[in-house]
1. Which of the residues that make up region 22-32 are surrounded by 14 or more Cβ atoms within 10 Å (Cβ to Cβ) and part of a helix (DSSP H, G or I)?
2. Checking the conditions here, which among LEU41, LEU32, LEU60 is touching a residue at least 12 places away in the same chain (Cβ under 8 Å) and either basic (Lys, Arg) or under 16 Å from LEU15 (Cα atoms) (or both)?
Amino acid sequence: MTDPIPQPDAAFAALADPTRRALIDRLRAGPLPVGRLAADLPISRPAVSQHLRVLSDAGLLEVEPQGTRRLYRLAPDRLRELRAWLDGLWGDAMDSFAARAREIAQESPK
């Protein structure tokens, strides 16, 4: 049976870069054009555009053309998918922890 939640490899690879995480953090407050996103970053505006492209290709951003500029925003559906995947991972880890704790409790002398 196929997992209904897409594997997050591309998203995590995109998020591995600190500049891309900084861009994601800036977009948490709402959509922004590349000029606002690039403000105060220690890289050029074209480099910011390349990072935005990687994030968009990973499905983490939505791009909305507005005249001569583009607005970038977080892609809520993809972020929900990532959250569900992480929640599943966390749930599995906690279940394993609980099972091991029960084993240890049963092995301990009373």
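No lab work stands behind these numbers, since they all come straight from the coordinates. What you are looking at is a predicted structure, and each value in this text was computed from that prediction instead of being measured. With ideal geometry, Cβ positions are generated from the backbone for all residues, glycine too; neighbour counts draw on all protein chains shown.
1. Answer for region 22-32, where residues must be surrounded by 14 or more Cβ atoms within 10 Å (Cβ to Cβ) and part of a helix (DSSP H, G or I): ALA22, LEU23, ILE24, ARG26, LEU27.
2. LEU60
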